[in-house]
1. Residue check: is residue 70 part of a helix (DSSP H, G or I) and free of Cβ contacts under 8 Å to residues at least 12 places away in the same chain?
2. Anything in segment 73-89 that is part of a helix (DSSP H, G or I) and either open to solvent by less than 40 Å² (accessible area, probe 1.4 Å) or on the phi > 0 side of the Ramachandran plot (or both)? List them, or say none.
3. Is it the case, given these coordinates, that residue 151 is within 16 Å of residue 65 (Cβ to Cβ), over 20 Å from the mean Cα position of the chain (by Cα) and at pLDDT below 95?
4. Please find, within segment 1-14, the residue that is modelled with the highest pLDDT out of those that are in contact with an Asp or Glu (Cβ under 7 Å, 6 or more places away or on another chain) and of a type in the set (Gly, Ala, Ser).
5. Could you please find all residues in segment 21-66 being open to solvent by 30 Å² or more (accessible area, probe 1.4 Å) and charged (D, E, K, R)?
6. Pairs please, first residue from segment 124-153 and among the polar types (S, T, N, Q), second anywhere and open to solvent by 50 Å² or more (accessible area, probe 1.4 Å), Cβ atoms under 9 Å, 6+ apart in sequence or on different chains.
7. Could you list all residues from segment 140-192 that are aliphatic (A, V, I, L, M) and in contact with a strand residue (DSSP E or B) (Cβ under 9 Å, 6 or more places away or on another chain)?
Amino acid sequence: MTRSTRPMPASTPPASAGADRPVRRLLVLGSPGSGKTTLTKALSAATGLPARHLDDEYWEAGWGRPRPETWERRLDALTAAERWIIDGNYLPTIERRAPRADLVLLLDAPTATCLFRVVARARRIGAGDLTALPARVRAEAAAGVPVRATRDFLPLLRMVLRFRSRDWWRGVERVRASSAAPLLVAVAPGPFGSRVAAVRRRLRARGVAATVLPLGEAREAVRRLTTTTTTCRAAGRHGTEGGVRP
């Protein structure tokens, strides 16, 4: 059984709590279309931490994939920095990123919302808006080379559809197995209002230690955690078994 499926004692100190220093490295995870990049940019502007988007680092021109060793070198170079916000899933490589994080933020958004945003983004790109493309693909498109909105659209939609039932938990498990950083779940509202209580129950049922906050409160909590010298304490007031104190 992995660490992610066992309750974390409320007295267990997160890694950054022992250092008693502000959060300087934040890992942002979430479904495609959940708003990771938008949130990362907003947090970067609010905190001054440099934003690093894994899609920009991963994709080559023409939606080519890098060699595994090249991708690993890029990840290691990113995480070696002292200050960053890195957004993106790339689940097989979480173990290369999570150990360096002071805090892991999982952005939870309704599946329907994510699907709508993925389709809308593809339509915007098709209409000529290149801002959502990865950096190397965007440069290629700006030079007049025809590019697709994404490498594989239907597989991307399937990824969104199964994210909350499969990849959501896989990400949590990989984080808990490789890092002592506290987990903060930022919950976007659904069509019927707040989903925070449902997400807390979901985590509690598996004994996962996390702090669960509405998205707006989570943004403010991160801003405070990057400036306070008492960054993370066990038993956060909104947590399930301990976590981040906003």
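The values are calculated or read from the model by the stated rules, or taken from the named source; none is laboratory data. Fair warning: this is a prediction, and the values are worked out from it, not measured in the lab. Heads up, the Cβs are rebuilt from the backbone with ideal geometry, glycines too, and the neighbour counts pull from every protein chain shown. Accessible surface is based on the protein model in full, side chains and every heavy atom, while ligands, DNA and RNA are left aside. Shrake-Rupley method; radii C 1.70, N 1.55, O 1.52, S 1.80 Å.
1. Details: part of a helix (DSSP H, G or I): yes; free of Cβ contacts under 8 Å to residues at least 12 places away in the same chain: yes.
It is true that residue 70 is part of a helix (DSSP H, G or I) and free of Cβ contacts under 8 Å to residues at least 12 places away in the same chain.
2. Within segment 73-89, the subset part of a helix (DSSP H, G or I) is 73-80.
Correct list: 75, 78, 79.
3. On the way: within 16 Å of residue 65 (Cβ to Cβ): yes; over 20 Å from the mean Cα position of the chain (by Cα): yes; at pLDDT below 95: yes.
When the stated conditions are applied, residue 151 passes them.
4. At the first step, the residues of segment 1-14 found to be in contact with an Asp or Glu (Cβ under 7 Å, 6 or more places away or on another chain) are 2, 4, 7-8, 10.
Now narrow it down to the ones that are of a type in the set (Gly, Ala, Ser): 4, 10.
Working: 4: 37, 10: 29.
By that ranking, first place goes to 4.
5. The answer is 21, 24, 41, 52, 55, 56, 57, 60, 65.
6. Here the result reads 131/124; 131/138; 150/121, each pair linking segment 124-153 to a residue that is open to solvent by 50 Å² or more (accessible area, probe 1.4 Å).
7. Pass one, segment 140-192, residues aliphatic (A, V, I, L, M): 141-143, 145, 147, 149, 154, 156-157, 159-161, 172, 175, 177, 180-181, 183-188.
Scanning segment 140-192 gives 172, 175, 181, 183, 184, 185, 186, 187, 188.
One line per residue, one yes/no per condition, for (1) charged (D, E, K, R); (2) part of a loop (DSSP other than H, G, I, E, B):
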site	(1), (2)
32	no, yes
40	no, no
46	no, no
56	yes, no
65	yes, yes
93	no, no
